[in-house]
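Worksheet: one structure, shown below.
The values are calculated or read from the model by the stated rules, or taken from the named source; none is laboratory data. Bear in mind the structure is a predicted one, so any value in this text is a computation, not a measurement. Here the Cβ is made from the backbone with ideal geometry for all residues, glycine too, and neighbour counts use every protein chain on show. These accessible areas exclude ligands, DNA and RNA; they are computed on the full protein's heavy atoms, side chains included. Shrake-Rupley method; radii C 1.70, N 1.55, O 1.52, S 1.80 Å.
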Amino acid sequence: MMTEKYFYPRIKPIYPLYRLNEGEFRIGAQLGITAEFGDPNGQLWALANLLDGRSFPKIINEMQQKFPELSERDIIKGVSILEQEGFVEEKNLPFEEEISERYKANVNYFSHFSDSKANRFEYQKRLNESTVLLLGLGGGGSNILTLLAGIGVKKVIIVDYDKVEESNLGRKLLYAEEDMGRYKTEAAMDAFQRITSQIEIEGHVKKIQSSDDVSKFLEGVDLVICAIDEPPFTAQRIVNKAIVKANIPCVFGASQVSRGRVFTVIPKQTGCFDCLNLKYSMNDPQFLEQFIGFRNVNFTPPTIAYAPAIFQLTAAIVDEAVRIITHYARPKSLGTQYEVDYEEGTSFTHPSWERYSEECPTCGEGNVEDWEIFKYYENYNTKRKP
Ligand SMILES: [Zn+2]
């Protein structure tokens with residue numbers, strides 16, 4: 001019942017409420033989230049205007065003074081009409097006091113997605129209590145770190161082995177000129193601490209070369225973001241193995257030429273990176289020869305990370321991480337690859353892949369020797385040109 005749900009109902013402050021003419025009004029102004037209400041006798045308009053966070057008994061009382069013919073039931077029905085469109089929320093909710101002012105915009109954003117039962121502050125609280133391990137502080141990772149500062153997690157652990165070079169400055173905007181020659185982890189920690197003192201940061205200078213290199217950083221971690229792609233594919237495979245073993249979700253991101261991809265592995269729930277290898281092995285007759293051909297040329301592309309493009313990808317990665325931590329909306333890249341097209345400013349998802357719980361050697365009961373593809377991952381080593 002309405003009265004049980006709401007004590008101080010209001011129209012979500014992110015939406016405008018305005019009249020079109022005597023008999024019609026609107027809530028919302030954005031295409032897709034605007035509703036028009038026909039209201040010949042002005043009752044619904046009056047009610048909508050009273051939904052400003054005052055108490056429910058007060059609303060009933062004031063409505064009945066204006067319109068004595070309305071019963072309490074009628075008024076509750078009116079609120080339901082507005083609520084069905086997703087415009088009503090409870091003003092006073094638990095956790096509000098715990099949430100820092102700096103995250104207010106996040107909470108307002110979440111309010112668009114929350115129905116009457118969800119608590120927009122709780123989404124932020126989940127972020128504020130989570131620890132994220134970020135692997136790689138290159139074009140992707142350095143910008144992801146900046147976004148994590150704004151999103152407001154509890155703690156970030158960063159791992160990278162490289163130093164800041166002049167060629168980084170065009171796209172890794174976390175670093176300044178005076179950071180050149182410093183380890184990226186050190187420069188990133190300083191920059192991060194200038195942005196926020198509310199988030200703990202821990203940095204490690206370390207090159208990830210094996211699953212054990214990842215495992216040692218996983219204690220207490222709620223989510224991993226993999227922003228390393230060197231050596232290509234092998235890096236993801238190493239990280240995948242560690243996160244599956246530790247049962248911690250991981251968002252993977254990698255940029256290509258004019259597109260970037262995001263996919264997420266939730267161990268034992270979604271297909272893992274090796275399940276994807278299995279899917280291609282089973283379904284794509286050219287997969288193996290393509291992989292071997294690519295590997296044999298030892299292709300080492302110069303970086304093509306153009307900042308406006310890489311920002312589109314990193315935004316998608318961090319939003320996906322937030323979806324997984326908070327559940328404010330459905331993640332887009334579970335068991336599928338979510339692809340961002342920088343050129344067109346569009347996105348799409350690839351056909352999904354399943355978890356092969358019997359065949360996968362990493363997240364299932366399978367044997368690695370049964371799949372030819374995995375032997376081509378061994379000893380794959382390239383170094384990207386600056
Ligand atoms: Zn698997």
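Applying the selection to the range 369-378, what residues are over 21 Å from Ile243 (Cβ atoms) and within 16 Å of the ligand (Cβ to nearest atom)?
Pass one, the range 369-378, residues over 21 Å from Ile243 (Cβ atoms): 369-370, 372, 375-376.
Within the range 369-378, Glu369, Asp370 meet the criteria.
Just give me the residues in the range 154-177 being in contact (Cβ under 8 Å) with a residue 40 or more places away in the chain, aliphatic (A, V, I, L, M) and open to solvent by 10 Å² or more (accessible area, probe 1.4 Å), in sequence order. Result: Leu173, single match.
Within the range 56-79, is there a residue that is open to solvent by 70 Å² or more (accessible area, probe 1.4 Å) and of a type in the set (A, V, I, L, M)? Scanning the range 56-79 turns up no residue that is open to solvent by 70 Å² or more (accessible area, probe 1.4 Å) and of a type in the set (A, V, I, L, M). Scanning the range 284-327 for residues that are more than 21 Å from Thr264 (Cα to Cα) and either more than 26 Å from the chain's Cα centre (by Cα) or without any contact (Cβ under 8 Å) to a residue 12 or more places away in the chain (or both) yields a total of 19. Hey, any hits in the range 185-206 for a residue that's basic (Lys, Arg), within 21 Å of Ala321 (Cβ to Cβ) and within 25 Å of the chain's Cα centre (by Cα)? Scanning the range 185-206, I find no residue that is basic (Lys, Arg), within 21 Å of Ala321 (Cβ to Cβ) and within 25 Å of the chain's Cα centre (by Cα), so the answer is no. Considering Gly335, Gly366, the condition of being within 17 Å of the chain's Cα centre (by Cα) and within 16 Å of the ligand (Cβ to nearest atom) is satisfied by Gly335 alone.
Checking each residue in the range 248-277 for being out of contact with any helix residue (DSSP H, G or I) (no Cβ under 8 Å at 6 or more places or on another chain), aliphatic (A, V, I, L, M) and within 12 Å of the ligand (Cβ to nearest atom) picks out only Leu276. Close Cβ contacts (under 8 Å, 6 or more residues apart or on different chains) running from residues in the range 352-381 that are farther than 21 Å from Thr270 by Cα to residues that are among the hydrophobic types (A, V, I, L, M, F, W, C) and near the ligand (Cβ under 8 Å from one of its atoms) are absent.
Scanning the range 342-363 for residues that are more than 9 Å from the ligand (Cβ to nearest atom), outside any strand (DSSP E or B) and open to solvent by 50 Å² or more (accessible area, probe 1.4 Å) gives Glu343, Glu344, Gly345, Pro351, Ser352, Glu354, Glu358.
Looking at the range 1-12, is at least one residue touching a residue at least 60 places away in the same chain (Cβ under 8 Å), among the aromatic types (Phe, Trp, Tyr) and open to solvent by less than 60 Å² (accessible area, probe 1.4 Å)? Scanning the range 1-12 turns up at least one residue that is touching a residue at least 60 places away in the same chain (Cβ under 8 Å), among the aromatic types (Phe, Trp, Tyr) and open to solvent by less than 60 Å² (accessible area, probe 1.4 Å). Of the residues Gly32, Gly78, the single one that is in a loop (DSSP other than H, G, I, E, B) and out of contact with any Phe, Trp or Tyr (no Cβ under 6 Å at 6 or more places or on another chain) is Gly32.
Here are Ser258, Ser215: which of them is in contact with a strand residue (DSSP E or B) (Cβ under 9 Å, 6 or more places away or on another chain), surrounded by fewer than 21 Cβ atoms within 10 Å (Cβ to Cβ) and not aromatic (Phe, Trp, Tyr)? Let's see the steps before the verdict.
Working: Ser215 fails: in contact with a strand residue (DSSP E or B) (Cβ under 9 Å, 6 or more places away or on another chain).
Result of the check over Ser258, Ser215: Ser258.
Against the criterion of being open to solvent by less than 20 Å² (accessible area, probe 1.4 Å) and either over 19 Å from Val265 (Cα atoms) or in contact (Cβ under 8 Å) with a residue 12 or more places away in the chain (or both), Val205 does not qualify.
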